[in-house]
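The values are calculated or read from the model by the stated rules, or taken from the named source; none is laboratory data. As the structure is a computational prediction, the values presented were derived from the model and not from experiment. A quick note on method: Cβ atoms are made from the backbone with ideal geometry, for glycine too, and the neighbour counts reach across all protein chains shown.
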2 protein chains.
Amino acid sequence: MSGASGEAPVLALDIGGTKLAAGVVDAQGAVRSFLVVPSEAERGPDPTLDRLFELGRRAAEESGLSWAEIAAVGIGCGGPLDAERGVLLAPPHLPGWRDVPVGLLAEREFERPVTLENDATAAAAGEHRWGAGAGTRNMVYLTISTGVGGGAIIDGRLYRGAHGNGGELGHVTVDWRGRPCRGCGRDGCLEAYVSGTSIAERAQELGLDLATAEEVAHAAVAGEPMASRVWDETVEALACGLTSIVNLFEPELVVIGGGVSRSGEQLLGPVRELVRSSAMRPAGESVEIVVSPLGERVGVVGAAAIVYDRSELRAARENV
Amino acid sequence: MSGASGEAPVLALDIGGTKLAAGVVDAQGAVRSFLVVPSEAERGPDPTLDRLFELGRRAAEESGLSWAEIAAVGIGCGGPLDAERGVLLAPPHLPGWRDVPVGLLAEREFERPVTLENDATAAAAGEHRWGAGAGTRNMVYLTISTGVGGGAIIDGRLYRGAHGNGGELGHVTVDWRGRPCRGCGRDGCLEAYVSGTSIAERAQELGLDLATAEEVAHAAVAGEPMASRVWDETVEALACGLTSIVNLFEPELVVIGGGVSRSGEQLLGPVRELVRSSAMRPAGESVEIVVSPLGERVGVVGAAAIVYDRSELRAARENV
């Protein structure tokens, strides 16, 4: 579609399991407006999308731009989804949502071309275009929140995999006979150890009365021995999974986002040491591992980035 | 260098730990000649390279082409190596070889432009250009012999990683507290379970008097219980590692080469089932897993493929 200018600002929407976000992002990556509400996705697609679109309208108003200046809409959501057709297939974080044609519904609502993308893939694009990865040729983005996902930039381009759902970075094995992984059903995935859900669960299994990964992190800092044990295992698992990812992709940079990344150097300090000493040379020696500078805005920034990505890709194809 | 025509036949050399191979390969992938000798690499770089170059001369003679028709030389060797400078750094399969400028030495010998590449990366290029992967956009090649290596084709292009040593596919974790990996020093890599070396070693640890992976495979078929146990663990480890690789790369196709792949369906039959049931959808459902059709010629075919790859890349850059 030619309506999506490569330079005009984009309305970006992010459909998460716990929150909906909307913002207007311009071609320099500046976030002109940013709004978040609880998603209440259990109420089903129709009321939730109504609220998302309403949030989008408000984000457009608060951006200080006229509606006519906004050329396109980008939407990020957890997969599996069909990016080509703009359809959410059956995302596990949105129970009961099956085959929802979000792209079409948003096009009708906003009368703008709409791009739908896996949220972790989009976040990787956002970090590469305007975040920690700007200027890199090979980088990996890993998001650690209720689940673990990610995306890769390879030779300067977003890698989308044979089927467009990007790399499933949370589903690299750490321990082949380890904890069952809720996300995919097999045993011992990275996600089964380092997701926020798993960190809290493993603490509870050791008898701790802690509800979240953040509480486990604080208890570990305070010297609680069982919490420290859970935290150390989390560090070991993340370092192991990242080492495999670094060995396979040889990236210059790994960017870690998602709620669990807010623990910052408590997590990344020891992980960085372990990856550097364990990964193959020269990749292991030189890889940088940093916390996402985009933070909670990465979903919206990513959803905008993929609109610009697609637009450039189309332009490049038309020029061939 | 402009001397390397994109269409003329190539002299391809393969420096392995146990054998040296040479052949002439034309632009259609036809192997015009193919010669193999034991490498005897422990005698050091000078006598070994003399024998390799002599083998190359003979391969050229036996190809039925005149020397003038051969435009370039491709060399594959296990890493780490510096492909850009044509230098072998310190390949573990060639003990005592350090910083050997193979590219320069071969250029002097043959008076042709020389391309040096990691052998597993080159093999991936060969399988993509003329083997099982012809026509695919995303494929992975895994070679299982004394060690485990591989390469990936991503969006139709050979992936070389940030530092040009390609993906280290043997060094994805299977079991984070598992067997030490000789190749990289950390614990529980895929290579530590499925390499030919490891298969034989694990059988010996169980008291079996078997010297090679092939003997273990035969004993397992014959119903020897300890050999079957080793074989089953090998299947489980390979399926686990491949599932991680499939989840990360989402390839259409996985091609398995190297000596251990000669066990064919005894290995790949159960591995295929496990990967299909364990990997994320849709990648897991659709991925094909096949034995390399190029067999022992993959080293030479791969070394030729990278000459054509580089030549096309140069041509594409010059046309930009």
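Taking the stretch A:100-121 as the range and being modelled with pLDDT under 95 and either over 11 Å from the mean Cα position of the chain (by Cα) or not in a strand (DSSP E or B) (or both) as the test, the residues that pass are A:119, A:120, A:121. Restricting A:283, A:279 to residues that are crowded, with 17+ Cβ neighbours inside 10 Å, modelled with pLDDT of 90 or more and over 16 Å from residue A:12 (Cα atoms) narrows the list to A:279. The condition (being modelled with pLDDT of 95 or more, surrounded by 24 or more Cβ atoms within 10 Å (Cβ to Cβ) and of a type in the set (Ser, Thr, Tyr)) is satisfied by just one residue among B:228, B:244: B:244. Of the set (1) more than 8 Å from chain A (Cβ to nearest Cβ); (2) under 16 Å from the mean Cα position of the chain (by Cα), all apply to residue B:203 but (2). For residue A:174, indicate whether it is crowded, with 21+ Cβ neighbours inside 10 Å and more than 18 Å from the chain's Cα centre (by Cα). It is true that residue A:174 is crowded, with 21+ Cβ neighbours inside 10 Å and more than 18 Å from the chain's Cα centre (by Cα). Restricting attention to the stretch A:146-165, the residues that are more than 30 Å from residue A:211 (Cβ to Cβ) and not charged (D, E, K, R) total 11. Taking the criterion of being surrounded by fewer than 24 Cβ atoms within 10 Å (Cβ to Cβ) and in contact with a Ser or Thr (Cβ under 9 Å, 6 or more places away or on another chain), the only residue of the stretch B:293-308 that qualifies is B:295. Is it true that residue A:94 is outside any helix (DSSP H, G or I) and in contact with a strand residue (DSSP E or B) (Cβ under 9 Å, 6 or more places away or on another chain)? Yes.
Just wondering, is there one or more residues in the stretch A:124-146 that are within 15 Å of the chain's Cα centre (by Cα) and farther than 16 Å from residue A:302 by Cβ? Checked against the condition, which is being within 15 Å of the chain's Cα centre (by Cα) and farther than 16 Å from residue A:302 by Cβ, the stretch A:124-146 yields at least one hit. Is it the case that some residue within the stretch B:224-237 is in contact with a Phe, Trp or Tyr (Cβ under 8 Å, 6 or more places away or on another chain) and free of Cβ contacts under 8 Å to residues at least 40 places away in the same chain? Yes, the stretch B:224-237 contains at least one residue that is in contact with a Phe, Trp or Tyr (Cβ under 8 Å, 6 or more places away or on another chain) and free of Cβ contacts under 8 Å to residues at least 40 places away in the same chain.
With respect to being in contact with a strand residue (DSSP E or B) (Cβ under 6 Å, 6 or more places away or on another chain) and part of a helix (DSSP H, G or I), residue B:298 fits the description. Of the listed requirements (1) surrounded by fewer than 20 Cβ atoms within 10 Å (Cβ to Cβ); (2) more than 21 Å from residue B:308 (Cα to Cα); (3) within 14 Å of another protein chain (Cβ to nearest Cβ), residue B:101 misses just one: (3).
Filtering the stretch B:49-64 to residues that are touching a strand residue (DSSP E or B) at 6+ places or on another chain (Cβ under 7 Å) and part of a helix (DSSP H, G or I) leaves B:51, B:52, B:55, B:56, B:58, B:59, B:60, B:62. Of all residues assigned to the stretch A:157-166, at least one qualifies as being modelled with pLDDT under 95, within 8 Å of chain B (Cβ to nearest Cβ) and over 20 Å from residue B:160 (Cα atoms). Going by the structure shown, is residue A:82 at pLDDT 95 or above, within 21 Å of the chain's Cα centre (by Cα) and not β-branched (Val, Ile, Thr)? No.
Quick one: is residue A:253 within 30 Å of residue B:316 (Cα to Cα), in the same structural domain as residue A:192 (by TED's automatic domain parsing), in contact (Cβ under 8 Å) with a residue 60 or more places away in the chain and under 18 Å from the mean Cα position of the chain (by Cα)? Considered against the rule, which asks whether it is within 30 Å of residue B:316 (Cα to Cα), in the same structural domain as residue A:192 (by TED's automatic domain parsing), in contact (Cβ under 8 Å) with a residue 60 or more places away in the chain and under 18 Å from the mean Cα position of the chain (by Cα), residue A:253 comes out as yes. Assigned to a loop (DSSP other than H, G, I, E, B) and assigned by TED's automatic domain parsing to the domain that holds residue B:110: does that describe residue B:84? In short, yes. When the residues of the stretch B:180-197 are filtered to those that are away from chain A (no Cβ under 14 Å) and under 14 Å from residue B:263 (Cβ atoms), the one that is surrounded by the most Cβ atoms within 10 Å (Cβ to Cβ) is B:195. Checked against the criterion of being within 14 Å of chain B (Cβ to nearest Cβ) and surrounded by 24 or more Cβ atoms within 10 Å (Cβ to Cβ), the candidates A:136, A:121, A:115 yield just one match: A:121. Taken as a whole, the condition of being among the aliphatic types (A, V, I, L, M), at negative phi and surrounded by fewer than 24 Cβ atoms within 10 Å (Cβ to Cβ) applies to residue A:235. Within the stretch A:278-295, being part of a helix (DSSP H, G or I) and free of Cβ contacts under 8 Å to residues at least 40 places away in the same chain holds for A:278, A:283, A:285, A:286, A:295. Selection of the stretch A:254-280 for residues being in contact with a Ser or Thr (Cβ under 8 Å, 6 or more places away or on another chain) and facing chain B (nearest Cβ under 9 Å) yields A:278, A:279.
Restricting attention to the stretch B:221-253, the residues that are assigned to a loop (DSSP other than H, G, I, E, B) and either within 21 Å of residue A:250 (Cα to Cα) or at the interface with chain A (Cβ under 9 Å from one of its Cβ atoms) (or both) total 3. Just to be sure before I move on: is residue A:106 among the aliphatic types (A, V, I, L, M) and in contact (Cβ under 8 Å) with a residue 40 or more places away in the chain in the structure I sent? Yes; evaluated as a whole, the condition is true for this residue. A single entry from B:142, B:210 fulfils the requirement of being closer than 17 Å to residue B:234 by Cα, part of a strand (DSSP E or B), more than 8 Å from chain A (Cβ to nearest Cβ) and at pLDDT 95 or above: B:142. Residues in the stretch B:31-41: is at least one assigned to a helix (DSSP H, G or I) and not polar (S, T, N, Q)? Yes: the stretch B:31-41 contains one or more residues that are assigned to a helix (DSSP H, G or I) and not polar (S, T, N, Q).
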